Amino acid sequence: MECQVLRLTCAPRVAPPHPPSTVARQPPSLFPSPLMLNSPPRAVLRRSVSKDEPLLEGLQKEYYDDEWQTRQREKTKELHRRRQEEEEEEERKVEEYREIGMRLKGYPEEDVRKARRLVSSLIRSAEEVEEKIEEAAERGELTELVLMVIWNRLDLARRDNEKDAIRSLDLLYRRVETEILKREATPTMRLLNDLLNLHDGFDDEVWLKECKKLMVDTFPREDPFSILVPPGFDIDEHQGPLRPPLEADDALLRVDFVREVDALLQEVKAEQREAQAAQGLDPESVASKLKQQEKQRTIRQVEALLDLAINLKW
């Protein structure tokens, strides 16, 4: 018995024969093989479908068109690019506004508030802006800080492309700047500015007559009697004040006027020659040339005033 057990145990197993028609098929595995994981499914590789294949409910027919899909991807890229540009432009504007706001950080807060109130009142004054500017100048309220506040508003208007505000603020800035320069200018420059403003743009002879009258009233007489005798003293009757007025030391002499105006002319002419040598044919050069022509007319007027002052007779 023991020997038979050993023989059965050691005997090789023989697989029972299976006819081809009765071979059992293995059920499909629920988990894909490693080779299938590396290759995409056919549905991803193919976007076009045959005419007989039904379309999924809710999807457009163009969804299965490769060209339509390509166009949609290009549109999406363009939208992302535009959105990025808008975000960058917004960041740039915010940075510029922050920079404009930081310009006034170095000034005392109380002075900044006063300057802003003054600028707001000048903007609201409309037709009375000239009087308001002169009154503010007499009170000493027109300062560099006021100009800075106007410039900030002008800069913001330019960035927001507000054309009406740009024109108004630009004129206001130039007028306030002119008034400040007028107050800080020397007596010669103030007189020269008054003489130039007398010109009506048409008749030069009438203008020169008015300028001569103003020069005669402004410059002290230079004859020997006027040097020794104070103004108002009657040399024939020997009557009048013998004591010169206290403001005589501040009188503008004709020789000082001639000297300062001549120096100004030489400086302006040198700048004119440099500007003319650098001019080209581009639009900026043409605009600069027009400005130089306007300056040239002013230079000729100043030259006429200089000759009038040199040959002035009382």
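Would you mind calculating the gained length between R190 and W314 on full extension (0.36 nm times residue separation, minus the Cα-Cα distance), in nm to one decimal?
On the way: separation 124, 0.36 × 124 = 44.64 nm, distance 2.18 nm.
Residue separation times 0.36 nm, minus the Cα-Cα distance, leaves 42.5 nm.
Please give the FRET efficiency for V216 paired with E86, using the beta carbon to beta carbon distance and R0 = 45 Å, rounded to the nearest 0.05.
Once the sixth-power term is evaluated, E becomes 0.10.
Beta carbons within 10 angstrom, averaged per residue: use that to sort the peptides 192-202, 99-109, highest first. Walk me through the intermediate numbers first.
Details: 192-202: 13.6, 99-109: 11.5.
Averaged packing, sorted descending, gives the order 192-202, 99-109.
Taking 0.36 nm per intervening residue step and subtracting the Cα-Cα distance, what contour gain separates E162 from V94 on full extension?
22.7 nm
At 0.36 nm per residue, and after removing the present C-alpha to C-alpha distance, how many nm does the segment from R259 to K77 gain when stretched out fully? Walk me through the intermediate numbers first.
Numbers: separation 182, 0.36 × 182 = 65.52 nm, distance 7.01 nm.
58.5 nm is the gain from fully extending R259 to K77.
Ranked by Cβ crowding within 10 angstrom, fewest neighbours first, how are S125, S168 ordered?
Working: S125 14, S168 17.
Result, fewest neighbours first: S125, S168.
Given an 8 Å cut-off on Cα distances and at least 6 residues of separation, report the relative contact order of region 109-184 as a percent. Before the final figure, lay out each step's value.
On the way: 42 pairs, mean separation 24.2, N = 76.
Across region 109-184, relative contact order equals 32 percent.
Which net charge results when you count Lys and Arg as +1 and Asp and Glu as -1 among the other residues whose beta-carbon is under 11 Å from that of V112?
In short, +3.
Could I have the simple spin-label model distance between R183 and W151, label points 7 Å from Cα toward Cβ, reported in nm to one decimal?
About 1.8 nm separates the two model spin labels.
Please list, in order along region 297-307, the HN-Hα scalar couplings obtained from phi with the Karplus expression 6.51 cos²θ - 1.76 cosθ + 1.60 (θ = phi - 60°), rounded to whole Hz, x for Gly and Pro.
Those phi angles translate into 4, 5, 4, 5, 5, 5, 4, 5, 5, 5, 5 Hz.
Among R273, R116, rank each residue by its count of other Cβ atoms within 10 Å, from fewest to most, as a rough exposure measure.
Lowest count first: R273, R116.
Using a simple spin-label model with points 7 Å from Cα along the Cα→Cβ vector, what separation in nm is obtained for R300 and E144?
A separation of 3.8 nm, rounded to one decimal place.
Please sort 182-190, 298-306 by packing, taking for each peptide the average over its residues of neighbouring beta carbons within 10 angstrom, highest first. Present the calculation step by step, with values, prior to reporting the outcome.
Details: 182-190: 14.0, 298-306: 16.0.
Most protected by this proxy first, the peptides run 298-306, 182-190.
We did not get these values from a lab; they are worked out from the coordinates using the rules stated. The structure displayed is predicted, hence computed values, not measured ones. As a convention, Cβ positions derive from the backbone with ideal geometry for all residues, glycine included, and neighbour counts pool all protein chains shown.
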